Amino acid sequence: MLKRIHRVAAAVSMTALLSVAATAMAADEPEMRDIKNLTCKDVMIQSRADRDISIAFVHGYMLGKNKTTKYEVARLAGITDAFLDYCLDNPSENALASFEKVYK
């Protein structure tokens, strides 16, 4: 039962983050963006909320790239921590490529 509640909470959190991201982008800037063009520094200098949205977006991108909808919250948290550590040490690296390196 606790596992199910945890899964539902994680799914709701991910959905909320993506919804906020879509709303924020639609309201503020209608320009098209490409995650392939972001550097680690671009991600790290974002506000905490925007950085969380960017990271949630890339987690979803990676799930889609791997043709799955299943994930473990603890694993995603570990990947996020590894990504942030990597970006702090390598600010000029491409953010998506860096995320793919730590996404194992």
* Asked: Can you sort Phe99, Phe57, Phe83 by how many other beta carbons sit within 10 Å, fewest first?
  -> Phe57, Phe83, Phe99
* Of Arg48, Arg33, how do they rank once you tally other Cβ atoms within 10 Å and put the fewest first? -> Arg48, Arg33
* To do: Determine, for Asp50, Asp34, the number of other Cβ atoms within 10 Å of each Cβ, and report the residues in order from fewest to most.
  => Asp34, Asp50
* To do: Give me the net charge of Pro91's neighbourhood, meaning all other residues with Cβ under 14 Å from the Cβ of Pro91; Lys, Arg count +1, Asp, Glu -1.
  => -2
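Each value in this text was obtained by applying a stated rule to the coordinates, not by laboratory testing. None of these values were measured; they are calculated from a predicted model. A quick note on method: Cβ atoms are made from the backbone with ideal geometry, for glycine too, and the neighbour counts reach across all protein chains shown.
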